[in-house]
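Read-outs throughout are calculated quantities, based only on the coordinates presented, and are distinct from any laboratory measurement. Only a predicted model underlies this, so the values are computations on that prediction, with no experimental measurement involved. In this analysis, Cβ positions are derived from the backbone assuming ideal geometry, glycine residues included, and neighbour counts consider all displayed protein chains.
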Amino acid sequence: MKTYNRLKGAPKPHVIENLRELLQSAADRFESNPVYTYKVGDKWVDMSYREYFERVCDVGTALEALGIVGERFAIIGDTHPYWMVGFEAVINSGGIIVPLDRDLQLEEAVGFMNIADCTNVIYTGKFNKKFTAMTDKLPKIKHFIAIDDEGEDSSLAPGKVISMSALVKMGAEERAKGNNNFLTRPIDMEKLAAILFTSGTTGTSKGVMLNQRNFTAATNCSDQSMSFDSRQVYLSVLPVHHTYELTCAQHGIINLGSHIYINDNLRHFMRNINEAKPDTLVLVPLFCETFYKKIWEGIRKRGLEKKVRTVMAVSDALLKVGIDLRETFFKEIKKEFGGRLRNIVVGGAPLDPKIIKDFYSMGIDVFEGYGITECSPLVAVNRAGAVNFESAGQPCEGVQVKIDPIEGDTEGEILVKGDNVMMGYYNNPEATAAVFTEDGFFRTGDIGHIDRDNYIYITGRKKNVIILSNGKNIYPEELESHFKLNYIKELVVIGRPNHKGEPVLTLIAYPDPDWEENKGMSSDEILTRLKEDVNAVNRDLPPYKHINSVELRDTEFEKNASKKIKRFLIR
């Protein structure tokens, strides 16, 4: 259970006061070191810590020059240094940032922008011409800020399109005149700073409200939980809009002074990992599972599975007496991933403990954690030197976790309290009140227990949310709402694990026995009809929301006293 701590002696991380101080102190401490290396065309380009901070100051100052300081900005697109520059400039000048999933349907993104009352939008090149062509649906938008304006057509939104490079120039000119307001403006730690929409359509999503206190606490939690420092090289893979990536793989890493390579495209991931040669990754389980499968496929093709398993057993035995030869034993295997990969921080969904154990035996330490957007998102994580393969880790520093017992059970709902916990849900006081206890603990909706060593074990979900292996959240009520079928009396959508333990979106239905058409049809005929209706709905949904399995049942679902289906009984 105990792992070898590779970075013994790593200095204590700097404790940040707010996100602006994070950027300024990182620039002072790491100056010309590269913070980002990213692709421009086919070439890798560096951005130093000092340059990054200066660009944030430039853009923040330009927002004041435009008279839009303190306004609400949507931000969407691929991971890019200037995505982060835009984020930091808005949030540190008193504005409200609304990060949106780049995979949203355009209409969904527009809907969220209008719900959040956004008056400006920042976007990467893949969204050029898309938002500006929808000005009639975005009547509140004053400025369309293109990070890469190549191909953007300003005539689509006359007088409203401005490039990020123009903002940088404008801000630099203002600062040259002595405008230092961006750095001297007081930061209100309790003021709303960001709205992050949970996965789902505009009708079912909730806007999680976070302030600088939340982001600051979560960043400090992340760094204090990991034995990393400026020696680390990361490859950024996950979507930057999510709090997991923002907190752990952006803010946390920048505070440590580490070097972030940005993966330019998932199709190029293996090429990027061999070019960047990272020692650390921050991932969701799907990537870990893909790595794992690739490793063992290669081993089996060479007929070496038995030999490798034997070496792993020897390596494990040596580790127990303090001898670590994993770099020597598994050097050839790790060459496929750049040759330097040593650490993977994983969260967003459960990961099979067997995968964690095998990676550990091969010299790759996997630190599984537990988080939720409402907690910015970090709640718990496994630490170097004390990894529990079965657990989601121990609570982070400054985070209180307790269990609200379920009557007649040894487990209960996981409750969280700390500076990382959200302000509430945007324009939804009823939902906010429902998730907080009288003594201020946040109800996560997750079921589990805590052992005497303070390790958290998550055994179920009280909430109905289905978490896919790629970290996407699926709300079954949203999918169920698409099916208003006369011949079906009841239906539910669940995430049924396949042979790999990955949830498969499955629709289970109970046909209406009193519906006249059903009386003349066999179960197979009804099932065929239902599958056709499901396929029709799937065509209008993004791929990750597709229902992939359909079943019929011959009895009603069991219900509680309020006649609500007991979802937790459905397997």
**Asked** Fewest to most neighbouring Cβ within 10 Å: what's the order for Lys306, Lys335, Lys357?
**Response** Lys306, Lys335, Lys357
**Request:** Give Lys39/Lys206; Lys130/Lys545; Lys137/Lys472; Lys39/Lys334 a once-over and call out the pairs whose C-alpha atoms are over 30 Å from each other.
**Result:** Lys39/Lys206
**Message:** So the label point goes 7 Å from the Cα of Glu336 along Cα→C-beta, right? Which residues of segment 279-305 then have their backbone N under 17 Å from it?
**Reply:** 286-305
**Asked** Along the charge dipole of segment 1-103, Cβ charges K/R +1 and D/E -1, which of Ala65, Asn18, Ile75 sits furthest on the positive end?
**Response** Asn18
**Asked** Can you sort Glu390, Glu430 so the residue with the fewest Cβ neighbours within 10 Å comes first?
**Response** Glu430, Glu390
**Prompt:** Which percent of Cα pairs goes in each bin when the distances of segment 363-495 are cut into 10 angstrom slices starting at zero?
**Reply:** 11, 36, 33, 15, 5, 1
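Helix-derived [θ] at 222 nm for the chain: sum -39500 (n - 2.57) over DSSP H runs of at least 4, divide by residue count, nearest 500? Write down the numbers at each step before the final one.
Details: 18 runs with 176 residues, N = 571.
After summing the helix terms and dividing by residue count, I get -9000 deg cm²/dmol.
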**Computed magnitude of the charge dipole of the chain (debye, nearest 20; Cβ of K, R +1, Cβ of D, E -1)** = 1660 debye
**Item:** Neighbourhood net charge (9 Å Cβ-Cβ; Lys/Arg +1, Asp/Glu -1) for Arg50
**Value:** -4
**Complete:** Given backbone amide H placed at 1.01 Å from N, residues whose amide H is under 5 Å from that of Tyr370, ignoring those fewer than 5 places away on the same chain, are Val379, Ala380, Val381
**Request:** List, largest first, the extents of the alpha carbons of segment 177-305 along their principal axes, each in whole Å.
**Result:** 64, 42, 32
**Prompt:** What residues have an amide H closer than 5 Å to that of Gly363, excluding those fewer than 5 places away on the same chain, when H is modeled at 1.01 Å from N in the peptide plane?
**Reply:** none
**Item:** Among Asn92, Val493, Asn220 the positive-end extreme of the charge dipole of the chain (Cβ point charges)
**Value:** Asn220
**Complete:** Here the cysteines of the chain without any disulfide-compatible Cβ partner under 4.7 Å are Cys57, Cys118, Cys248, Cys288, Cys375
**Request:** With a bin width of 10 angstrom, please list the P(r) values of segment 60-174 as percents of all Cα-Cα pairs, from the 0 bin to the one holding the largest distance.
**Result:** 15, 53, 30, 2
**Prompt:** If you add up the charges near Phe144, with Lys and Arg at +1 and Asp and Glu at -1, over every other residue whose beta carbon is less than 11 angstrom from its beta carbon, what do you get?
**Reply:** +1
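In percent, how large is the relative contact order of the chain, given Cα pairs closer than 8 Å and 6 or more residues apart? The partial results should precede the final answer.
On the way: 1094 pairs, mean separation 68.9, N = 571.
Answer for the chain is 12 percent.
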**Fill in**
Projected onto their principal axes, the Cα atoms of segment 96-160 stretch, largest extent first, over whole-Å spans of 27, 22, 21
**Item:** Estimated dipole of segment 100-215 in Debye, rounded to 20 [Cβ of Lys and Arg +1, of Asp and Glu -1, Cα centre]
**Value:** 320 debye
**Fill in**
In vacuo Debye sum over C-alpha of segment 247-310, base-10 log of normalised intensity I(q)/I(0) at q = 0.13, 0.16 Å⁻¹, listed in q order, is -0.51, -0.70
**Asked** Which of Thr290, Pro139, Tyr244 sits farthest toward the positive end of the charge dipole of the chain, with +1 on the Cβ of Lys and Arg and -1 on the Cβ of Asp and Glu?
**Response** Thr290
**Complete:** Correct semi-axes for segment 432-571, from √(5λ) of the alpha-carbon gyration tensor and rounded to whole Å with the largest first, are 32, 18, 14
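Counting Lys +1, Arg +1, Asp -1, Glu -1, what net charge surrounds Tyr426 among other residues with beta carbon under 15 Å of its beta carbon?
Around Tyr426, the charge tally is 0.
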**Request:** Starting from 0 in steps of 10 Å, tell me what percent of the Cα-Cα pairs of segment 238-283 lands in each bin.
**Result:** 25, 56, 19
**Fill in**
Computed on Cα atoms, Rg of segment 30-125 relative to 2.2 N^0.38 Å comes out at 1.16
**Message:** If you take every DSSP beta bridge fully contained in the chain, what fraction is antiparallel? Give it as a percent rounded to 5.
**Reply:** 55 percent
**Asked** Using modelled amide H (1.01 Å from N, peptide plane; none on Pro or chain starts), what sits under 5 Å from the amide H of Leu283, excluding residues fewer than 5 places away?
**Response** Val345, Val346, Gly347
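Can you run the Rg to Rh ratio on the chain? Use alpha carbon positions and the Kirkwood inverse-distance Rh.
Expressed as Rg/Rh, it is 0.98.
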**Fill in**
The size of the Cβ-based charge dipole (Lys, Arg +1; Asp, Glu -1) of segment 157-311 about the Cα centre, to the nearest 20 debye, is 640 debye
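Contact order normalised by length for segment 394-438, with contacts defined as Cα pairs under 8 Å and 6 or more residues apart; what percent is it?
27 percent
Over segment 14-164, what is the mean sequence separation of C-alpha contacts under 8 Å (at least six apart), divided by residue count, expressed as relative contact order in percent?
RCO, segment 14-164: 17 percent.
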